[in-house]
Amino acid sequence: MAWSNWSGSVTAPADIARPQSEDELAALIRRAAKVRATGAGHSFMPLCQSDELIMGLDRLAGEMVIAADRKTARIPAGWSIKKLTASLWAEGLALANQGDVNPQSLAGAMATGTHGTGVGLGSLSTMARGFRLIGADGDAHWCNETTEPDLYQAQRLSLGMFGIATGIEVAVVPAFHLTERIEKRRWGEVREGYDEWAGQHRHIEFWLFPHADHVILKTLEPCDPCDPPPSTTDMEETSFRRVLDVAVRLPFLTPWLQRAMMKTRFDGHRRGPAHAVFPSDRTIRFEEMEYELPRAAGLDALSDVVGWIRKKRLPVTFPFEYRTVAADDIWMSPMNAGPVAAISMHQYARMPWAGHFAVAEAIFRSFGGRPHWAKRHTLTRDDVDTLYPMAERYRSVRRAEDPQGKFLNPHLEALFS
Ligand SMILES: Cc1cc2nc3c(=O)[nH]c(=O)nc-3n(C[C@H](O)[C@H](O)[C@H](O)COP(=O)(O)OP(=O)(O)OC[C@H]3O[C@@H](n4cnc5c(N)ncnc54)[C@H](O)[C@@H]3O)c2cc1C
């Protein structure tokens, strides 16, 4: 059966293999000329695409092993964030931060620098402490800061090019509870206050429909233990779907629809275990581009993009999402030059997105932005070299690990061969 990513924009004719043991996985890798690993297929770029073989790790046998100091745990790499965080919770542990959703695999999320929001909190890649990889020759080995340090550095944000991960050692923290607050605020007020508020909340983010004057602001704060919150699948998604169905047929109504929608109440409050409060349900398919910008430039860049959409009355039907992520030292991380504002631009999957994304991408680039590797971008090999001083070292590790380019596909070959 043909493979497709979550949004439906990337498909592949390749066979999908779901090995249940490392030996089975190694034999498949040895036999293949080309192979790509996949997790939940949540990436919008053609990262998992392959004409020959796609490897799913969700059925691989394995157990979680918690270190004696309870600061790290070894996890089967194909486990979803949902399964991982529920298992950690049962042991009184948690991940320090999570993204918007939790079906992604741990390996897939780390491979692309997936992140949540919080000025003091880095991406999931920063939580990696070691990887067990099956290489292009089918042999298994662990890498970490001291064993094969260059491979480890590259593997922290790997795009799946350095081997197939079967196990990951990840940093964990004591379990904690969160209280979530959602409120409607004027866009002008948020522009003024966001940077100050970001320092006051463990997690803060907002969504801005480009044609509306109000934003939806969300904060998460640690709180006392409490019961799990009710499920998030919701009235809002149902009414939003109706709005989108109108916009597909009558795109010129988008500005009016968004202003009308933002007249409704958005206030909300829920509490519960962190792993149950971090993720939301995302049942409406969209396409997404995300740029990470130097934090000081984020709000100006967003204003420019939104100003252009308003001026042209463009039918960009989904809200922008604005988050903050801490700096890191990962070779190919868009956070490696300092803390960033992460701005996601979405479009309903049934509506045109490429032209809108292209203009916005040029604006984000003009503010010093670098794209999220899993989300739509049009970087060339030269762009990669300009934006990432460590790109050539990353490529040389890749060449040493996989001289025949077994783990490359056309998209990655253009950037990293
Ligand atoms: C609804 C939705 C919400 C999202 N929310 C966020 C968010 O809040 N924050 C954010 O930063 N991103 C977000 N993303 C992006 C998403 O987190 C990334 O695309 C992530 O990589 C998806 O994980 P996955 O398991 O689906 O990986 P896939 O998309 O399947 O694969 C991603 C990469 O990982 C590699 N890979 C997968 N498994 C392995 C393995 N075992 N060994 C080696 N390489 C492997 C693949 O080859 C590929 O290069 C979201 C995407 C969607 C669709």
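The values are calculated or read from the model by the stated rules, or taken from the named source; none is laboratory data. Keep in mind that this is a model prediction, so the values were computed, not measured. Quick reminder, even Gly has a Cβ in these numbers, built from the backbone with ideal geometry, and neighbours come from all protein chains shown.
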Cβ-Cβ distance below 7 Å, separation of 6 or more or different chains: which pairs start in the range 273-289 with a residue that is farther than 24 Å from Leu84 by Cβ and end on one that is within 9 Å of the ligand (Cβ to nearest atom) and part of a loop (DSSP other than H, G, I, E, B)? Arg285/Ser7; Phe286/Ser7; Glu287/Ser7; Glu287/Phe44; Met289/Lys375
Only listed residue being within 16 Å of the ligand (Cβ to nearest atom) and within 22 Å of Thr126 (Cα to Cα), chosen from Tyr291, Tyr348: Tyr291
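Among Phe320, Phe266, which is the only one that is farther than 30 Å from Phe162 by Cα and within 16 Å of the ligand (Cβ to nearest atom)?
Working: Phe266 fails: within 16 Å of the ligand (Cβ to nearest atom).
After applying the criteria, what remains is Phe320.
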Tally the residues that are buried (at least 19 other Cβ atoms within 10 Å of the Cβ) and assigned to a strand (DSSP E or B), restricting the search to the range 170-186. 4
Could you list, in sequence order, all residues of the range 65-76 that are within 16 Å of the ligand (Cβ to nearest atom) and within 19 Å of Asn97 (Cβ to Cβ)? Ile75
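Residue-wise test of (1) assigned by TED's automatic domain parsing to the domain that holds Ser366; (2) among the small types (Gly, Ala, Ser); (3) more than 16 Å from Glu321 (Cα to Cα).
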residue	(1), (2), (3)
Gln258	yes, no, no
Met262	yes, no, no
His275	yes, no, yes
Arg282	yes, no, no
Ala301	yes, yes, no
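Could you check the range 13-26 and list, in sequence order, the residues that are part of a strand (DSSP E or B) and modelled with pLDDT under 95?
Of the range 13-26, the ones part of a strand (DSSP E or B) are 15-17.
Selection gives Asp15, Ile16.
Within the range 5-42, work out how many residues are within 21 Å of Arg285 (Cα to Cα), of a type outside the set (A, V, I, L, M) and surrounded by 13 or more Cβ atoms within 10 Å (Cβ to Cβ). Lay out the reasoning, then the answer.
Going through the range 5-42, the residues within 21 Å of Arg285 (Cα to Cα) turn out to be 5-12, 38-42.
Retained after the next criterion (residues that are of a type outside the set (A, V, I, L, M)): 5-9, 11, 38-39, 41-42.
Remaining after also requiring surrounded by 13 or more Cβ atoms within 10 Å (Cβ to Cβ): 5-7, 9, 38-39, 41-42.
Within the range 5-42, residues that are within 21 Å of Arg285 (Cα to Cα), of a type outside the set (A, V, I, L, M) and surrounded by 13 or more Cβ atoms within 10 Å (Cβ to Cβ) number 8.
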Hey, can you tell me all the residues within the range 337-378 that are more than 25 Å from Ala37 (Cα to Cα) and either modelled with pLDDT under 95 or assigned to a loop (DSSP other than H, G, I, E, B) (or both)? Ala337, Gly338, Pro339, Arg350, Met351, Pro352, Trp353, Phe367, Gly368, Gly369
Scanning the range 363-398 for residues that are without any contact (Cβ under 8 Å) to a residue 12 or more places away in the chain and surrounded by 13 or more Cβ atoms within 10 Å (Cβ to Cβ) gives Asp383, Asp385
Is it the case that Pro210 is at pLDDT below 95, over 30 Å from Ala414 (Cβ atoms) and more than 16 Å from the ligand (Cβ to nearest atom)? no
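Evaluate the following for Thr112: is it surrounded by 22 or more Cβ atoms within 10 Å (Cβ to Cβ), β-branched (Val, Ile, Thr) and at pLDDT 95 or above?
Values: surrounded by 22 or more Cβ atoms within 10 Å (Cβ to Cβ): yes; β-branched (Val, Ile, Thr): yes; at pLDDT 95 or above: yes.
Spelling it out, Thr112 is indeed surrounded by 22 or more Cβ atoms within 10 Å (Cβ to Cβ), β-branched (Val, Ile, Thr) and at pLDDT 95 or above.
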Hey, Leu106 within 12 Å of the ligand (Cβ to nearest atom) and either assigned by TED's automatic domain parsing to the domain that holds Trp142 or crowded, with 24+ Cβ neighbours inside 10 Å (or both) or not: yes
Matching residues in the range 187-206 - criterion: being among the acidic types (Asp, Glu) and either assigned to a strand (DSSP E or B) or without any contact (Cβ under 8 Å) to a residue 12 or more places away in the chain (or both): Glu189, Glu192, Glu196, Glu205
Sole exception among (1) over 28 Å from Ser87 (Cα atoms); (2) over 21 Å from the mean Cα position of the chain (by Cα); (3) of a type outside the set (Ser, Thr, Tyr); (4) surrounded by 13 or more Cβ atoms within 10 Å (Cβ to Cβ) for Asp245, by number: (4)
List pairs: first in the range 121-147 and farther than 16 Å from Ser333 by Cβ, second within 12 Å of the ligand (Cβ to nearest atom) and of a type in the set (Lys, Arg), Cβ under 7 Å, 6+ apart or cross-chain? Ala140/Arg132; Trp142/Arg132
